[in-house]
Amino acid sequence: MATILDDRSVNLELVTIYEISKILGSSLDLSKTLREVLNVLSAHLETRRVLLSLMQDSGELQLVSAIGLSYEEFQSGRYRVGEGITGKIFQTETPIVVRDLAQEPLFLARTSPRESQDGGVVSFVGVPIKAAREILGVLCVFREGMSPSRSVDHEVRLLTMVANLIGQTVRLYRNVAAERQQLQEEKRQLSRQLQGKYKLDNVIGISKAMQEVFAQVHQSAPSRSTMLLRGESGTGKEVIARAIHYLSPRKDGPFIKVNCAALSETLLESELFGHEKGAFTGAQGERKGRFELAHGGTLFLDEIGEISPAFQAKLLRVLQEREFERVGGSRSIKVDVRLVTATNRDLEKAVAKGEFRADLYYRINVVSIFIPPLRERREDIPYLVEHFLEKFRIENQRAMVAMSPQAMKVMMNCYWPGNVRELENCVERTATMMRGDLISEVHFSCQQNKCLTKVLHEPGGQQAVVVVPLERIATHTVPSSPSGMDKDKSLAAAPPTSERERLIWAMEQCGWVQAKAARALNISPRQMGYALQKFNIEVKKF
Ligand SMILES: Nc1ncnc2c1ncn2[C@@H]1O[C@H](COP(=O)(O)OP(=O)(O)OP(=O)(O)O)[C@@H](O)[C@H]1O
Ligand SMILES: [Mg+2]
């Protein structure tokens with residue numbers, strides 16, 4: 001019989017510890033979690049008073065959470081080191097058990113009476129709260145009517161285990177809070193420094209490289225010059241294009257975007273220049289093109305490096321003469337449009353190979369801004385993470401979501417082949433999928449071998465190795481070229497695992513632009529469309 005009871009109480013103890021560890025890992029709202037932990041303890045030990053004190057910056061131990069206390073009792077729960085039983089536990093860093101508080105001269109009776117309401121004996125068990133050899137506070141319980149011969153080993157053991165768990169959580173919470181405070185202070189300092197200088201709304205970049213980009217944007221935005229934005233996929237070309245528009249005198253005019261890679265040549269022509277009624281089958285009425293819609297504003301031609309030779313000629317004419325005709329029309333239309341273009345292709349190489357017209361290249365390359373890949377400006381990573389976390393907090397009403405310092409280390413070390421877009425997706429995916437409020441390194445899919453890109457830096461070497469760790473995916477080396485312009489082709493060279501995952505991966509890396517992902521996988525846009533349908537992959541719209 002005795003053994004069965006022991007087994008039962010051991011089981012109960014395990015369940016209690018499990019419950020408590022779950023609560024502690026669930027939220028970064030410390031006072032809420034501590035209160036829930038004390039509730040579980042009070043239920044398990046069948047006691048009405050549980051108290052938790054923590055050392056404060058003032059050097060005083062203070063009650064931070066308690067069960068069964070009146071407001072006045074709670075307020076008086078303050079002790080100097082060595083003062084009363086609580087102060088003694090903190091000072092000696094050892095548990096103290098008092099079987100009858102009425103007989104204990106050390107007991108100050110600030111938070112609890114010496115006897116129960118009916119004059120019965122009140123006993124006390126208190127243990128220190130420690131984390132990594134540092135003493136943080138005291139956890140204690142008061143019991144009524146305990147038989148003098150009853151062993152309190154069980155209470156001491158359980159409280160010590162719980163105090164250890166609490167200690168780790170408190171330490172983690174304090175680290176995160178300190179890190180967050182430091183980050184916010186740095187952010188404040190930086191925005192003070194950048195006030196009105198090199199700052200762009202909603203564009204994050206404190207690195208020297210991005211500060212140079214911002215300076216170029218500020219300098220070129222007010223003019224009417226055609227601009228070319230260059231950089232790998234996901235570096236922020238579109239973000240910069242919008243910033244140019246909103247910093248220009250055209251900011252109240254329209255900002256119109258066209259992705260040249262997403263449309264066939266015929267569609268692109270009618271999309272850009274519009275068409276007259278009956279210009280082709282299905283053209284039931286006249287329709288204004290994007291050039292006309294952008295009148296008085298900015299037209300952003302994304303993926304300009306992908307247009308066909310025939311279309312290059314048509315675009316060149318518009319840029320030279322600043323007028324065009326709608327498809328099927330003969331009337332010349334003049335528009336006042338500022339053109340901003342973008343590409344992640346090496347246009348010089350394309351010109352040398354005869355794939356891109358040199359005269360068009362010179363027309364669009366009037367002012368050129370290069371946006372560096374994220375791995376070359378790692379200082380921006382913590383700020384970008386905080387920016388996307390803040391967005392997540394607001395959109396999902398989860399104000400407490402934060403990232404642990406270890407998790408931030410993983411973010412800092414990733415190769416980020418998909419640049420800021422990949423980082424944004426990673427933060428959002430991890431914050432959405434994890435339970436609780438603290439993102440730690442184990443939550444990342446790369447740490448669970450589910451991510452397709454993970455970095456190993458060769459010691460002392462110039463090259464970074466991108467490991468695609470899903471089984472059957474080849475390891476491939478990415479040259480650390482400063483431009484990395486041909487990344488799309490490298491995607492095709494290292495395709496991942498199953499067909500479906502390969503498709504999703506390519507789409508994610510290419511910002512869900514179907515035509516671009518098709519190129520990355522070396523298939524036609526039509527095959528891509530079919531494959532997406534076949535595997536029931538919903539195309540995300542941004
Ligand atoms: N500096 C930045 N600050 C804040 N968000 C950024 C920054 N750079 C990029 N982003 C975000 O990353 C995502 C990708 O950016 P964007 O679409 O501008 O990249 P891109 O260079 O145009 O990529 P692609 O070549 O694939 O079209 C967007 O959601 C954008 O908001
Ligand atoms: Mg883009």
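The values are calculated or read from the model by the stated rules, or taken from the named source; none is laboratory data. If you're wondering where the values come from, they're calculated on a predicted model, not measured in any experiment. A quick note on method: Cβ atoms are made from the backbone with ideal geometry, for glycine too, and the neighbour counts reach across all protein chains shown. To get the accessible areas, we keep the full protein, side chains included, count just its heavy atoms, and leave off ligands, DNA and RNA. Shrake-Rupley method; radii C 1.70, N 1.55, O 1.52, S 1.80 Å.
The table for this structure:
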read-out	value
Projected label distance in nm at L267 and A313, using a 7 Å step from Cα toward the beta-carbon	2.4
Ranked by how many other beta carbons lie within 10 Å on average, peptides 418-429, 322-333 from highest	418-429, 322-333
Rounded if a/c under 1.5, otherwise prolate or oblate - the range 100-146, Cα gyration tensor axes	prolate
The chain: antiparallel DSSP beta bridges as a percent of all, rounded to 5	65
Ranked by how many other beta carbons lie within 10 Å on average, peptides 407-414, 230-237, 292-299 from highest	230-237, 292-299, 407-414
Rounded, prolate or oblate (a/c below 1.5 giving rounded, otherwise prolate when a/b exceeds b/c) for the range 48-127 by Cα gyration tensor	oblate
With every protein chain in place, the range 332-435: carbon and sulfur % of accessible area (1.4 Å)	52
Largest-first ellipsoid semi-axes for the range 222-363, taking √(5λ) over the Cα gyration tensor eigenvalues, angstrom	24, 19, 14
Whole-Hz ³J(HN,Hα) from phi, Karplus 6.51 cos²θ - 1.76 cosθ + 1.60, for the range 59-72, glycine and proline x	x, 10, 7, 9, 4, 10, 7, 7, 10, x, 10, 7, 4, 5
Nearest-ten-degree value, helix 499-509 long axis tilted from longest Cα axis of the chain	80
Aspartates and glutamates whose Cα lies under 20 Å from that of K187, excluding same-chain neighbours fewer than 8 positions away	E179, D201, E212, E379, D380, E386, E390, E424
Total charge dipole magnitude, the range 317-357, about the Cα centre, Cβ charges on Lys, Arg, Asp, Glu only, Debye to nearest 20	60
Under the Karplus curve 6.51 cos²θ - 1.76 cosθ + 1.60, θ = phi - 60°, whole-Hz ³J(HN,Hα) for the range 153-167, x wherever Gly or Pro sits	4, 4, 4, 4, 5, 4, 4, 5, 4, 5, 4, 5, 4, 4, x
Other-chain or far-sequence residues with amide H under 5 Å of G274's (modelled H)	G289, R290, V327
Positive dipole terminus of the chain, leading residue within A131, V513, T226 (C-beta point charges)	T226
Residue-count net charge about R322 - beta-carbon cut-off 9 Å; Lys, Arg +1, Asp, Glu -1	-2
The chain: angle of helix 208-220 to the longest principal axis, Cα-based, in degrees nearest 10	40
Aspartates and glutamates whose Cα lies under 16 Å from that of K353, excluding same-chain neighbours fewer than 8 positions away	E306, D486
Over the range 110-177, equivalent-ellipsoid semi-axes from the Cα gyration tensor in Å	30, 14, 7
Calculated FRET value between L108 and Q211, using beta carbons and R₀ = 56 Å, to 0.05	0.45
³J(HN,Hα), Karplus 6.51/-1.76/1.60, whole Hz, each residue of the range 362-376, x for Gly, Pro	5, 5, 8, 8, 5, 10, 10, 10, 9, 9, x, x, 4, 5, 9
The range 179-338: relative contact order as a whole-number percent, Cα under 8 Å and 6+ apart	20
Magnitude of the charge dipole, the range 83-206, Cβ model with Lys/Arg +1 and Asp/Glu -1, debye to 20	700
Overall form of the range 232-297 per C-alpha gyration tensor (a/c, 1.5; a/b vs b/c)	oblate
Distance from the range 370-414 to the range 88-111 (C-alpha centre basis), Å	47
Globularity index of the chain, i.e. its alpha-carbon radius of gyration over 2.2 N^0.38 Å	1.34
Cα-centred dipole magnitude for the chain, charges only on beta-carbon of K, R (+1) and D, E (-1), debye, nearest 20	1580
Computed [θ] at 222 nm, helices only, for the chain once each DSSP H run of length n ≥ 4 contributes -39500 (n - 2.57)	-13500 deg cm²/dmol
Over 26 Å between alpha carbons, listed pairs K199/K251; K199/K516; K32/K391; K334/K540; K32/K409; K199/K288	K199/K516; K334/K540; K32/K409; K199/K288
Centre separation in Å (Cα based) which lies between the range 269-323 and the range 158-176	63
Label-point gap, in nm, between N536 and K199 - each point 7 angstrom along Cα→Cβ	4.9
Residue among I523, M433, L503 farthest towards the positive dipole end of the chain, charges placed on Cβ	I523
Added length on full extension, which subtracts the Cα-Cα distance from 0.36 nm per residue, V81 to A43	10.7 nm
